[in-house]
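Okay, structure first, notes after.
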Amino acid sequence: MIEFLTAYLAPIMFACLVLLLLVGYPVAFAVGANGLLFGAVGVALGLIDLSLFQALPERVFGIMFNETLLAIPFFTFMGLILERSGMAEELLDTIGQLFGPVRGGLAYAVILVGALLAATTGVVAASVISMGLISLPIMMRYGYDKRLATGVIAASGTLAQIIPPSLVLIVLADQLGKSVGDMYAGALVPGLVLTGLYALYVFVYSMLKPGSAPALPPEARTLRGAALGLRVLTSLVPPLVLIFLVLGTIFMGIATPTEGGAMGAVGALALALVRRKLSMPLLRQAMDKTAKLTCFAIFILVGATVFGLVFRGVDGDIWVEHLLTSLPGGQLGFLIAVNLLVFVLAFFLDFFELAFIIVPLIAPVADKLGIDLIWLGVLLAVNMQTSFMHPPFGFALFYLRSVAGKEIATGDIYRGAIPFVVLQLVMVGLVIAFPGMVTGNLHKARKLDLDTIRIEVPHAGGADPAAYPGSSGGGAFEPPSPFEQAKP
């Protein structure tokens, strides 16, 4: 028995963690307790030296001093303030009027507003709840199919997962040891393409079933001509300015993501003040929810740190590496296996748990296989987006259920989500098939100053920039594919 435990302690430890999570124990404490328990077993078996645990306090303090993670409360606070400032309501009303004459116009408006809210709030709950409260009753009133309406609202809210400034991208950048700004630049095009896929689905659906997504009747379109143009201008300019304030300064290298989040929080407060919605109760609610979500993330990270330390102490990282590198198909086989694993686990875990537990295990293997970690992070972010849409545990579905009326059955919400989960999986395939949509935009951002910005290449030890034509001198820069093994 002792010989069996000594040989297979790492897989037993991982299986025990999965069992604890499926039973329903709080994630942060299940992960941490699992690490401490198997740490004691490892010490008893002689696999771990007791001095290994002396590294724990330093690691926990390292989490507390991590400036990258400071962006999480800033962006969360910004999103909560904007949710209550009336910006979402005004955007939906204005864009709904703009697209009103078009068949499926309200659905297009929800998708566009979801993308705008994603680029300003970065919080899924805020987007889904806001659009569910405002647009769902209107869509039902004008005869929209229940499944289409609920699916569009839930899916558009989850765009906050992939369109910067996304919280999951911040967490993934931290876990992969990469720049948040690079992760944002890489995720921008996939996020916009996914938005386009949603709109394309609505177009096809409305063509095949015209009665399921009718245009607004003339009496419902109260704004026309110059009045509509003025309303569009005044409604779109503030969020666009805020998007530039947050993302533009990050992409241009003027501000770090943490500084961009701080400016976004100030901008959200200014917008709420201009709209006369800023009050002490609003501030108290926003700060309370921000503190709760931040503590939730940090406690999971502390627990995952304990688990990761012990797991590596019992050579779990070597076990995972051997398991994944022995898969047939090389890099492609690794990517298929990892994405299937993440997709299945997303039925039971949310993106914080996946990012803190699974990503640190697979990132070193991907690095050794020569896969660009920024590209891998964006690919996993698109896949983790399905965790919000999976029936029956998707959080976006729960958020929508909480604000939908009794005339909307839970089954309608679940069935409406399935086509959009399929679209998200199609997007995973597109990112794998066309890596340039991530790496191309990333290297365009880096071309701003090739002499001062180190060009990341898909290899653990880096490579000579001269190995790639145009990387430090004349000629057009050709970004290497994330599949391309760097030259030794």
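Give the residues of the range 126-154 that are among the aromatic types (F, W, Y) and crowded, with 21+ Cβ neighbours inside 10 Å, sorted by residue number.
Passing the criteria: only Y144.
Looking at G62, G32, which is the one that is at pLDDT 80 or above and farther than 21 Å from G316 by Cα?
G62
Give just the number: which of (1) at pLDDT 85 or above; (2) open to solvent by 60 Å² or more (accessible area, probe 1.4 Å) does Y8 not satisfy?
Tallying (1) at pLDDT 85 or above; (2) open to solvent by 60 Å² or more (accessible area, probe 1.4 Å), Y8 fails exactly one: (1).
Given G157, G196, which one is free of Cβ contacts under 8 Å to residues at least 12 places away in the same chain and either open to solvent by less than 10 Å² (accessible area, probe 1.4 Å) or out of contact with any Gly (no Cβ under 8 Å at 6 or more places or on another chain) (or both)?
On the way: G157 fails: free of Cβ contacts under 8 Å to residues at least 12 places away in the same chain.
Residue meeting the stated conditions: G196.
Here's the yes/no breakdown for (1) within 26 Å of A297 (Cα to Cα); (2) crowded, with 20+ Cβ neighbours inside 10 Å; (3) modelled with pLDDT under 85:
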position: T325; (1), (2), (3): no, no, yes
position: Q331; (1), (2), (3): no, no, yes
position: A337; (1), (2), (3): no, no, no
position: F351; (1), (2), (3): yes, yes, yes
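Go through the residues of the range 385-405 one by one and say whether even a single one is among the charged types (D, E, K, R), modelled with pLDDT under 85 and exposed (fewer than 15 other Cβ atoms within 10 Å of the Cβ).
no
State all residues of the range 22-37 that are open to solvent by 30 Å² or more (accessible area, probe 1.4 Å) and either under 23 Å from the mean Cα position of the chain (by Cα) or under 17 Å from A346 (Cα atoms) (or both); if no residue qualifies, say none.
Scanning the range 22-37 gives L22, V23, G24, Y25, P26.
Considering every residue within the range 377-400, establish whether at least one is touching a residue at least 40 places away in the same chain (Cβ under 8 Å), more than 30 Å from V180 (Cα to Cα) and of a type in the set (G, A, S).
Scanning the range 377-400 turns up no residue that is touching a residue at least 40 places away in the same chain (Cβ under 8 Å), more than 30 Å from V180 (Cα to Cα) and of a type in the set (G, A, S).
Tell me, yes or no, whether the range 413-434 has at least one residue that is modelled with pLDDT of 85 or more and under 21 Å from S179 (Cβ atoms).
Within the range 413-434, one or more residues are modelled with pLDDT of 85 or more and under 21 Å from S179 (Cβ atoms).
For the subset of the range 246-258 comprising residues that are open to solvent by less than 30 Å² (accessible area, probe 1.4 Å) and assigned to a helix (DSSP H, G or I), which member is modelled with the highest pLDDT? Lay out the reasoning, then the answer.
Taking the range 246-258 and keeping what is open to solvent by less than 30 Å² (accessible area, probe 1.4 Å), we get 246-250, 255, 257-258.
Those still in the list that are assigned to a helix (DSSP H, G or I) too: 246-250, 257-258.
Values: V246: 80, L247: 79, G248: 79, T249: 80, I250: 79, P257: 80, T258: 83.
Applying the filter and picking the extreme gives T258.
Within the range 291-304, which residues are buried (at least 21 other Cβ atoms within 10 Å of the Cβ) and farther than 9 Å from F352 by Cβ?
Across the range 291-304, the qualifying residues are G303, A304.
Condition first: under 15 Å from F75 (Cα atoms) and without any contact (Cβ under 8 Å) to a residue 24 or more places away in the chain. Now tell me which residues in the range 284-298 satisfy that.
Of everything in the range 284-298, those that are under 15 Å from F75 (Cα atoms) and without any contact (Cβ under 8 Å) to a residue 24 or more places away in the chain turn out to be D288, K292, C295.
Residue-by-condition table, conditions (1) under 15 Å from the mean Cα position of the chain (by Cα); (2) under 22 Å from L293 (Cα atoms); (3) at pLDDT 80 or above:
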residue	(1), (2), (3)
G79	yes, yes, no
L82	no, yes, no
E89	no, no, no
D93	no, no, no
G105	no, no, yes
I111	no, no, yes
T120	yes, yes, no
S130	no, yes, no
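Within the range 275-286, is there a residue that is buried (at least 18 other Cβ atoms within 10 Å of the Cβ), touching an Asp or Glu at 6+ places or on another chain (Cβ under 6 Å) and more than 30 Å from L45 (Cβ to Cβ)?
Scanning the range 275-286, I find no residue that is buried (at least 18 other Cβ atoms within 10 Å of the Cβ), touching an Asp or Glu at 6+ places or on another chain (Cβ under 6 Å) and more than 30 Å from L45 (Cβ to Cβ), so the answer is no.
Just one of (1) modelled with pLDDT under 60; (2) over 23 Å from V189 (Cα atoms); (3) among the acidic types (D, E) trips up E478, so point out which.
Among (1) modelled with pLDDT under 60; (2) over 23 Å from V189 (Cα atoms); (3) among the acidic types (D, E), E478 violates only (2).
Sort through K209, K178 and tell me the only one that's over 24 Å from L106 (Cα atoms) and of a type in the set (K, R). Lay out the reasoning, then the answer.
Details: K209 fails: over 24 Å from L106 (Cα atoms).
On inspection, the qualifying residue turns out to be K178.
Would you check which residues across the range 259-274 are open to solvent by less than 30 Å² (accessible area, probe 1.4 Å) and of a type outside the set (A, V, I, L, M, F, W, C) and list them?
If the condition is that a residue be open to solvent by less than 30 Å² (accessible area, probe 1.4 Å) and of a type outside the set (A, V, I, L, M, F, W, C), then G260, G261, G264, G267 are the ones that fit.
If I go through the range 259-314 residue by residue, how many of them are more than 26 Å from V60 (Cβ to Cβ) and outside any helix (DSSP H, G or I)?
The number of residues fulfilling the criteria is 5.
Take the range 378-392 and flag every residue that is assigned to a helix (DSSP H, G or I) and out of contact with any Asp or Glu (no Cβ under 9 Å at 6 or more places or on another chain).
V378, L379, L380, A381, V382, N383, Q385, T386
What number of residues in the range 356-377 are within 26 Å of V302 (Cβ to Cβ) and in a helix (DSSP H, G or I)?
Here the count works out to 15.
The values are calculated or read from the model by the stated rules, or taken from the named source; none is laboratory data. Note that the structure is a prediction, hence the values are computed from the model and not measured. Because the Cβ atoms are built from the backbone with ideal geometry, glycine has one as well, and the counts that use them run over all protein chains shown. With ligands, DNA and RNA removed, areas are computed over all heavy atoms of the protein, side chains included. Shrake-Rupley method; radii C 1.70, N 1.55, O 1.52, S 1.80 Å.
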